[in-house]
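Asks: Got a structure for you, questions after.
The values are calculated or read from the model by the stated rules, or taken from the named source; none is laboratory data. Note that the structure is a prediction, hence the values are computed from the model and not measured. Because the Cβ atoms are built from the backbone with ideal geometry, glycine has one as well, and the counts that use them run over all protein chains shown.
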Amino acid sequence: MFGSFAGVSVQAQNTNTTKQTAVAQATETATFEVNGKCGMCKKRIEKAALGPEGVQSASWDVETKALAVKYDPAKVTEADIQKHVAGVGHDTEQVKATEEAYGSLPGCCQYERM
């Protein structure tokens, strides 16, 4: 009787390990440049990056202008995330914000565009 119980316990542990591995494999990270200037930009950029389904975290550094994102590639692509960020007025490495979106930024958040 005891031997059967121990076997079930080991099987449950193996199943949990498999689930954890599947979750770990479903997550990718990316870091790319996003133009902005201040703490208000940080909030706007991070909120936009978190918009698409599948994005798990987003952190933008004011000094380096780097946005680090963690996401599920089965649900969203890095390009989709960059489009969302550009949609609120912030140019990224691959996507330039429209003039309308950039113009809607507060004056203090308007950066020098190339």
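Asks: Regarding Thr21, is this residue closer than 15 Å to Asp72 by Cα, surrounded by 13 or more Cβ atoms within 10 Å (Cβ to Cβ) and modelled with pLDDT under 95? Break it down stepwise before answering.
Replies: Values: closer than 15 Å to Asp72 by Cα: yes; surrounded by 13 or more Cβ atoms within 10 Å (Cβ to Cβ): no; modelled with pLDDT under 95: yes.
No.
Asks: Return yes or no: is Tyr102 farther than 23 Å from Glu28 by Cα and either of a type in the set (Ser, Thr, Tyr) or free of Cβ contacts under 8 Å to residues at least 60 places away in the same chain (or both)? Spell out how you get there, then give the answer.
Replies: Values: farther than 23 Å from Glu28 by Cα: yes; either of a type in the set (Ser, Thr, Tyr) or free of Cβ contacts under 8 Å to residues at least 60 places away in the same chain (or both): yes.
When the stated conditions are applied, Tyr102 passes them.
Asks: Here's something else I'd like to know. Report, by residue number, each residue of segment 38-91 that is of a type in the set (A, V, I, L, M) and free of Cβ contacts under 8 Å to residues at least 12 places away in the same chain. If you could, list the steps in order and put the result at the bottom.
Replies: Quick first cut of segment 38-91, residues of a type in the set (A, V, I, L, M) only: 40, 45, 48-50, 55, 58, 62, 66-69, 74, 76, 79, 81, 85-86, 88.
Within segment 38-91, just Leu50 meets the criteria.
Asks: Right, next: So which of Ala79, Ala101 ends up being outside any loop (DSSP other than H, G, I, E, B), under 14 Å from Gly36 (Cβ atoms) and either at pLDDT 95 or above or not hydrophobic (A, V, I, L, M, F, W, C) (or both)? First the steps, then the outcome.
Replies: Numbers: Ala79 fails: under 14 Å from Gly36 (Cβ atoms).
Among Ala79, Ala101, only Ala101 is outside any loop (DSSP other than H, G, I, E, B), under 14 Å from Gly36 (Cβ atoms) and either at pLDDT 95 or above or not hydrophobic (A, V, I, L, M, F, W, C) (or both).
Asks: Filter segment 104-114 for residues that are out of contact with any His (no Cβ under 9 Å at 6 or more places or on another chain) and closer than 12 Å to Asn35 by Cβ; which is modelled with the highest pLDDT?
Replies: Initially, segment 104-114 is screened for residues out of contact with any His (no Cβ under 9 Å at 6 or more places or on another chain), giving 104, 106-108, 110, 112-114.
Then drop every residue that is not closer than 12 Å to Asn35 by Cβ, which leaves 110, 112-114.
Working: Gln110: 95, Glu112: 91, Arg113: 90, Met114: 78.
Filtering first and then ranking leaves Gln110.
Asks: Tally the residues that are assigned to a helix (DSSP H, G or I) and touching a helix residue (DSSP H, G or I) at 6+ places or on another chain (Cβ under 9 Å), restricting the search to segment 29-45. Write out each step before concluding.
Replies: Step one: filter segment 29-45 for residues assigned to a helix (DSSP H, G or I), giving 39-45.
Checking which are touching a helix residue (DSSP H, G or I) at 6+ places or on another chain (Cβ under 9 Å) leaves us with 40-41, 44-45.
Residues in segment 29-45 being assigned to a helix (DSSP H, G or I) and touching a helix residue (DSSP H, G or I) at 6+ places or on another chain (Cβ under 9 Å): 4 in total.
Asks: Oh, and also: Could you check segment 47-64 and list, in sequence order, the residues that are buried (at least 19 other Cβ atoms within 10 Å of the Cβ) and in contact with a strand residue (DSSP E or B) (Cβ under 8 Å, 6 or more places away or on another chain)? Write out each step before concluding.
Replies: Here is the first cut: in segment 47-64, the residues buried (at least 19 other Cβ atoms within 10 Å of the Cβ) are 48-49, 55, 58, 60.
Ala49, Val55, Ala58, Trp60, listed by residue number.
Asks: Follow-up. Among the numbered criteria (1) at negative phi; (2) at pLDDT 95 or above, which one does Gly89 miss?
Replies: Tallying (1) at negative phi; (2) at pLDDT 95 or above, Gly89 fails exactly one: (1).
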